[in-house]
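Every read-out reported here was derived from the displayed coordinates using simple, explicitly stated rules and does not represent laboratory data. Everything numeric here is computed off the predicted structure, so don't read it as measured data. Note that each Cβ is placed from the backbone with ideal geometry, even for glycine, and that neighbours are counted across all protein chains shown.
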Amino acid sequence: MRIALCHYRIGETDGVSLEMDKWKEILEEMGHEVFMIAGSSGTTEGYVIPELGYRYEEDLRIERNAYVAFNEYKNEIELMAAIEKAADRLENRFTRIFQSLGIEMVIPNNIFSIGRSLPTALALKRVIEKLKLAVICHHHDFFWERANFSKPTCKGVADLLEELYPPADQGYRHVVINHIAQESLRKRKGYDSTVVPNVFDFEGEAWCVDAYNQDFKEKLGLRPQDVIFLQATRVTNRKAIELAIDQIAVLNQERFRKDWVGKALYDGRIFQADSKIVLVLPGMIESDDGYEKRLVARAKDKGVALRWIGEWVDHSRTHTEAHKVYSLWDAYVFADFITYPSIWEGWGNQFLEGVFAKKPILIFEYAVYKSDIEAAGFETISLGDEYQIDEAGMAWVEPLRHEMVAKEILECLTNQKKYREMCDRNFAIGSRTFSHTNLRKILIQLMQE
């Protein structure tokens, strides 16, 4: 079968892009021909329709007027006309590409889920019906889970949300990534769905130091004795990166540092008096309310070193005119600890990446972690499952929790046996529970339905 995987972007380090790569690989192993179609292609080969892109100005203008307030459009009539015009143009583009490639099935990722591009969903639905294509909707997030897409400015937008996210057509099959979403879709729309968790290729080649990445620390201005805490997610509010900053601030306190100095770390390095504990952030900045500036201010106030390395890290290794670019996996090679303090996630790609990299993981126990991941038995260091939001919109947990966690982190990083056993055990669990083999079994069943 000739299959189109569609999303707003591909070839990036966000969770949807990464999952699409995995689906493509496994579907091709099953004998299907798979084509990627998106608004931008990053470092992945695909067919680009610019109007699908996250930063396409007309789409952003429609989004602002649909969910914030009428500004560029005077009223609902003008807005709906703009949506129809954009949808007509996209319908033509989808039709030409699908027909030229002989597409038989479409797997939209979040296009019928999140509500962010009304013209895209409207156009794709029309093309699916016109060409009589099979469809499996892959839902990573729903609009009713997102504050920025759940408050339409007019009845026309509200009607489109109900009509398109996701469509009611009986021929549509639905895939969600966690059991909370499965129940939510059933209660809100009455649709059955299949849970397909995030997975990772645990049979793949281990990431390690090689000729390409051996200078990673040096290029980023870090020294061998510095300790890297890697925050590999995108930079957006729900990732609660401030919790990682708060935790490192506690580790930096003299009463804890004195217990580090002179000790051998898990890999034999000696933690020195001038060793820095650095929070490294390779992910895309996707906040629109100054969140990253608040992170910088919080880190400065608490004396925590940040390294923003997005220009040095991409989906895969490449080169710019100025310098070489490392893959996200290279960043994991040099990490000593993974921070994953998200207060909300649809699943947890970076969690699995940390497990595969055999690194210990600091987590906040978000709802989907507790419903879909915790029972597998992973050993983590936890910030708990309760948080507060301060007047600046930043998350925080009780100081006593940070104190307890600091002791656990110190024990882990200075105890080679504990570090290795924890990471090896987690790898074995991941390999058994969330591997490509598991995804292949689910996709075989889906394609037979």
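Going by a ≥ b ≥ c, the root eigenvalues of the Cα gyration tensor, does the range 216-433 fall in the rounded group (a/c under 1.5), the prolate group (a/b larger than b/c) or the oblate group?
Rounded, because the longest to shortest axis ratio a/c is under 1.5.
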³J(HN,Hα), Karplus 6.51/-1.76/1.60, whole Hz, each residue of the range 48-61, x for Gly, Pro: 9, 10, x, 5, 7, x, 4, 10, 5, 4, 4, 5, 5, 5
In whole Hz, what ³J(HN,Hα) sequence does the range 122-128 give by Karplus (6.51, -1.76, 1.60; θ = phi - 60°), x for Gly and Pro? 4, 5, 5, 4, 5, 5, 4
Taking a ≥ b ≥ c as the square roots of the Cα gyration tensor eigenvalues, with a/c under 1.5 meaning rounded and otherwise prolate when a/b beats b/c or oblate if not, the range 312-448 comes out rounded
Please give the Cα centre distance for the range 357-416 versus the range 295-340, rounded to the nearest Å. 21
For the range 169-298, percent of DSSP beta bridges that are antiparallel (nearest 5) comes out at 10
Rank ILE245, HIS402, PHE337 by how far each Cα sits towards the positive end of the charge dipole of the range 216-433 (+1 on Lys, Arg Cβ; -1 on Asp, Glu Cβ) and give me just the farthest. PHE337
Pairing the Cα long axis of helix 15-29 with the longest principal axis of the chain, what angle in degrees results, from 0 to 90 and rounded to the nearest 10? 70
About its Cα centre, how strong a charge dipole does the range 216-433 have in debye, to the nearest 20, once Lys and Arg get +1 and Asp and Glu get -1 at the Cβ? 820
Student exercise, the chain dipole from Lys, Arg, Asp, Glu Cβ charges, in Debye to nearest 20: 260
Checked against a 19 Å limit on the C-alpha separation, the offending pairs among LYS239/LYS324; LYS258/LYS417; LYS324/LYS359; LYS359/LYS407; LYS239/LYS407 are LYS239/LYS324; LYS258/LYS417; LYS324/LYS359; LYS239/LYS407
From the backbone phi of the range 327-343, what are the Karplus-calculated ³J(HN,Hα) couplings (6.51 cos²θ - 1.76 cosθ + 1.60, θ = phi - 60°) in whole Hz, Gly and Pro given as x? 7, 4, 5, 4, 5, 5, 4, 9, 6, 9, 8, 9, 9, 9, x, 3, 8
Peptides ranked, highest mean first, by Cβ atoms within 10 Å: ranges 311-322, 46-57, 287-298, 355-366: 355-366, 46-57, 287-298, 311-322
Looking at the square roots a ≥ b ≥ c of the eigenvalues of the Cα gyration tensor of the chain, which shape do they give, rounded for a/c under 1.5, prolate if a/b is larger than b/c, or oblate? prolate
Work out how much length SER316 to THR43 would gain on full extension: take 0.36 nm times their residue separation and subtract the Cα-Cα distance, in nm to one decimal. 97.6 nm
In nm, what is the difference between 0.36 nm times the number of residues separating GLU411 and HIS179 and their Cα-Cα distance? 80.1 nm
